[in-house]
Amino acid sequence: MRIPLLSAFSGAAGAGLRVLSFITLCSLSLLPSVAGADDDKEELRDLFFGAAMYYAHQENYFDAIVALDNELAQYHRLDEPELDPFSNHLGQAEFSVGDLELSYRMHREAGRAIEAVLKGNVSQEVRNEAAYRLAKIHYHKQQPLNALHALEMIEGRVPLRVRADEQFLRARVFMELGRLEEAVELLKDLKGEESLEGFVEFNLGIAQLKSGEEARGVLELTALGKRHSGDPADQALYDKTNLLLGSHLMEAGELQLARPYFDRVNLEGPFSNRALLGAGWVEARAGRFDRALVPWRILQNRKGTNESVQEVMLAVPYAYGKLDVHSTAAIHYGRALDAFGREIDTLTASINSIRQGKFLEALRRKEATQVQNWVVALRNLPEAPETHYLLDLMASNDYQEFLRNYRDLNDLYERNKEWLKSLTAFEDIISARRAYYEPLLPQLDEQFRTLDARIKLRMEQRDQFSSRIEQMLVSRRPEYLATAEEQEARLQLLQLHKQIARNPKGFTEQSRSRVERLQGILDLRLSTEYHQRLTEAYKHLQALNAEIEKLQTVYRSYVRSRQAATHSYTGYNKDIQRSRAQIRSAQQRLEMLMARQGSMLEALAVEELERRRSQLESYQIKARFALADSYDRANELQEQREDQRKIEQHREAQPETLPEQNPPELEAPESENGLQEQSLEAQPETLPESNPVELKVPESENGPLEQGEQPQTGQPEILPENKSTERQVSETEGDKA
């Protein structure tokens with residue numbers, strides 16, 4: 001018989017305290033969600049066990065652990081536990097509890113349970129599976145050496161359902177310990193395993209890169225990166241592979257090989273920003289700044305809280321500057337300064353918000369925890385701007401564990417609050433039952449005593465009748481089968497016989513003869529009808545037994561109802577008081593632990609935001625200097641363009657032609673002896689090989705003409721032989737382009 005009322009809150013509260021104790025004492029780490037009964041195909045025979053497994057498959061491990069603990073506790077208190085259908089799943093339930101505790105990150109409790117299995121008298125396959133799960137605990141606690149020792153305890157055949165996982169875990173342990181060649185061999189054997197598709201290839205490529213087989217590692221990762229999938233998780237793995245290869249080849253100087261890997265990354269995936277940034281830097285390092293602007297401009301229009309987007313805000317004007325488009329570069333530097341200023345203000349407000357406790361309030365909000373990707377969903381919460389800057393931090397394994405621990409503590413705290421309300425509701429129910437049953441029970445008890453007396457009387461009569469029938473089966477007793485009239489006649493004849501015996505003379509011969517004749521007729525009837533009457537009596541006894549059974553059923557039902565009515569409101573006060581005290585004590589511990597965990601989360605978040613703010617302030621300083629330099633270069637280029645425009649206008653206004661003869665005002669005066677005139681007429685007219693000093697165009701410091709200076713009129717315009725002018729013209733043409 002199950003005890004729904006008492007065990008409902010006593011088992012739940014006990015399990016809650018048990019979970020709390022191990023959460024606070026253990027070093028928790030991320031584990032993949034598994035349930036111990038996932039691979040079992042046995043028929044479900046107990047609905048309560050099925051409900052616990054349903055919670056496990058929904059990754060609601062706390063409810064699954066509470067349900068199984070409650071069922072196991074009730075099972076061991078039963079008088080005849082083998083009659084409970086839960087006994088069909090007993091072994092599976094006991095093993096599943098440890099597995100669920102492992103999934104809930106209760107490593108110490110799960111470790112003790114698994115070590116107990118290893119020391120127990122179990123089959124070798126069960127021992128091997130337990131050793132594998134113990135190794136998994138050590139691995140996720142970042143203890144690869146202990147994990148390897150646990151794996152070395154495996155001997156013989158490993159259960160099929162964990163065989164591939166055990167080999168994959170062993171390979172990762174080897175990678176952590178630097179035994180890369182052994183890891184490569186194990187991973188090669190695992191290729192083709194459907195349950196580990198993609199992960200084996202990724203780890204194999206990494207192991208080959210680290211072990212010196214770079215070409216094979218690149219080929220392995222390249223084949224993985226070329227895959228496509230509609231599953232976001234699988235596609236994210238392929239994108240991460242391409243990003244890893246692109247970054248690796250770019251750092252190695254293989255720029256032409258690196259760009260295709262960045263191009264394969266999905267533009268809507270979580271690695272798209274870093275891929276766009278990397279694709280731009282590949283082109284920039286190759287000197288193709290115009291091509292680098294293509295991915296950078298796409299990235300520039302994305303959300304400004306991302307680090308890659310903030311970096312590209314400086315990269316875009318840098319590329320424009322390299323292309324000598326300094327005015328556009330100055331505009332983008334100005335936009336970057338404005339964006340950095342806004343983000344710095346937002347970061348400052350976010351730091352203040354975290355220190356005021358609003359970040360922890362956002363983590364506790366239920367709308368963020370009702371979706372699977374709750375870390376990403378935090379961005380959509382109102383009044384929580386700091387979550388936009390902490391996605392990378394919150395996605396890390398360590399910080400995610402802190403977040404999970406805090407959420408679990410908060411979940412326990414909320415559950416305890418609900419349990420306290422439930423205890424109050426139980427007390428109200430018990431009071432209502434007591435008020436209803438106590439006035440009715442005295443009258444019911446009186447009726448029960450009357451019914452009980454009648455039942456006892458009828459049962460005594462039945463027993464007497466039954467004993468007589470049993471006697472008649474051994475010896476004939478016809479008088480027992482006489483009817484009421486026959487019994488009365490028999491008694492009258494018996495009295496007449498006594499009277500005749502006492503006073504024979506008082507009766508005539510005829511009277512005595514008549515009495516004897518009547519006695520003979522009665523005996524003859526009883527004797528001839530004996531068997532028939534005995535059969536009918538036996539049938540009547542059977543019918544009476546059926547009626548008595550119905551009466552006893554009513555009796556037992558009343559007794560159970562009477563006991564249930566009494567037990568529904570008696571015996572719970574002490575349990576409720578004890579449970580309330582335990583829950584309140586747990587609440588105090590939870591408040592203390594949540595405060596510690598929350599302060600750690602806040603400290604890490606503030607540290608991350610301050611790092612982001614310092615980075616933005618550094619970007620801001622660089623952007624200011626770059627903006628000033630871009631303005632100087634743009635002004636200088638504008639001056640060069642203005643000077644060039646004036647030169648072109650002057651060329652158009654005065655074409656470059658030589659006069660046929662000198663004007664009169666330039667004729668040389670005649671000398672007294674006429675020698676000068678003769679010499680001038682005798683010499684042919686020739687052009688000077690170079691401009692005289694007074695006709696040369698003055699040069700500025702950088703080469704172009706200074707503003708306002710013009711060549712002398714009446715003379716052909718001859719530009720100076722200055723290489724800076726050619727550079728200025730090419731810069732002008734580039735700026736126009």
Checklist outcome for this item: For residue 567 and residue 294, extending 7 Å from Cα along the Cα-Cβ vector and measuring point to point gives, in nm, a value of 8.0
Checklist entry - PRE reach from residue 528 (point 7 Å along Cα→Cβ): which of the stretch 452-479 fall under 19 Å by backbone N? => result 477-479
Checklist entry - Taking +1 at the Cβ of each Lys and Arg and -1 at the Cβ of each Asp and Glu, which of 495, 444, 457 sits farthest along the dipole of the stretch 414-515 towards its positive end, judged by Cα position relative to the Cα centre? => result 495
Checklist entry - For the stretch 147-208, what does the alpha-carbon gyration tensor say about shape, rounded, prolate or oblate, given a ≥ b ≥ c as the root eigenvalues, a/c under 1.5 as rounded, and a/b over b/c as prolate? => result oblate
Checklist entry - Say R0 is 56 Å: what FRET efficiency, to the nearest 0.05, do residue 331 and residue 588 get from their beta-carbon distance? => result 0.40
Checklist entry - Going down the table (226/303; 136/191; 191/240; 322/646; 240/358; 136/188), which pairs top 23 Å between alpha carbons? => result 226/303; 322/646; 240/358
Item to check | Highest to lowest packing among 546-555, 165-174, 526-535, 355-364, scored as the average C-beta count within 10 Å | outcome: 165-174, 355-364, 526-535, 546-555
Item to check | Per-residue HN-Hα couplings for the stretch 488-501 [Karplus 6.51, -1.76, 1.60; θ = phi - 60°; Hz; x = Gly/Pro] | outcome: 5, 5, 5, 5, 5, 5, 5, 5, 5, 4, 5, 5, 4, 5
Checklist outcome for this item: With 0.36 nm assigned to each residue of separation and the Cα-Cα distance removed, residue 475 to residue 411 gains 15.1 nm
Item to check | By average C-beta atoms within 10 angstrom, highest first, the peptides 435-445, 303-313 | outcome: 303-313, 435-445
Item to check | Cα-centred dipole magnitude for the stretch 75-228, charges only on beta-carbon of K, R (+1) and D, E (-1), debye, nearest 20 | outcome: 520
Checklist outcome for this item: On the formula 1/(1 + (r/R0)^6), with r taken between the Cβ atoms of residue 146 and residue 88 and R0 of 35 Å, the FRET efficiency rounded to 0.05 is 0.45
Checklist entry - Stretch residue 348-residue 322 to full length: gain in nm at 0.36 nm per residue minus the Cα-Cα span? => result 6.0 nm
Checklist entry - Of the heavy-atom accessible surface of the stretch 258-365 (probe 1.4 angstrom), what whole percent is carbon and sulfur? => result 47
Item to check | Cut-off 13 Å between beta-carbons: net charge of the residues surrounding residue 622, Lys and Arg +1, Asp and Glu -1 | outcome: -2
Item to check | Anisotropy class of the stretch 551-657 from Cα gyration tensor, a/c 1.5 cut | outcome: prolate
Checklist outcome for this item: The answer for the net charge of residues other than residue 461 whose Cβ lies under 14 angstrom from its Cβ, with Lys and Arg +1 and Asp and Glu -1, is +2
Item to check | Pair residue 51, residue 603: separation of 7 Å Cα→Cβ label points (nm) | outcome: 4.3
Checklist entry - So, in nm, how far is label residue 160 from label residue 424 when the simple model puts each one 7 Å beyond its Cα toward the Cβ? => result 5.5
Checklist entry - At a Förster radius of 22 Å, what calculated FRET efficiency corresponds to the Cβ-Cβ distance of residue 234 and residue 302, to the nearest 0.05? => result 0.40
Checklist entry - Shape of the stretch 206-270 from its Cα gyration tensor (a ≥ b ≥ c, root eigenvalues): rounded if a/c is under 1.5, otherwise prolate when a/b > b/c, or oblate? => result oblate
Item to check | Residue-normalised accessible area of the stretch 219-344, given per residue in Å² at a 1.4 Å probe | outcome: 45
Next on the checklist: Rounded to whole Å, give me the distance from the Cα center of the stretch 244-297 to that of the stretch 111-146.
Outcome noted: 45
Checklist outcome for this item: For residue 216, placing the label point 7 angstrom along Cα-to-beta-carbon and taking the stretch 148-182, residues whose amide nitrogen sits under 13 Å are 180-182
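The values are calculated or read from the model by the stated rules, or taken from the named source; none is laboratory data. Small disclaimer: the values here were computed from a predicted structure and weren't measured. We place every Cβ from the backbone using ideal geometry, glycine too, and count neighbours over all the protein chains shown. Each accessible area value is taken on the protein alone, full model and side chains, heavy atoms only, with ligands, DNA and RNA left out. Shrake-Rupley method; radii C 1.70, N 1.55, O 1.52, S 1.80 Å.
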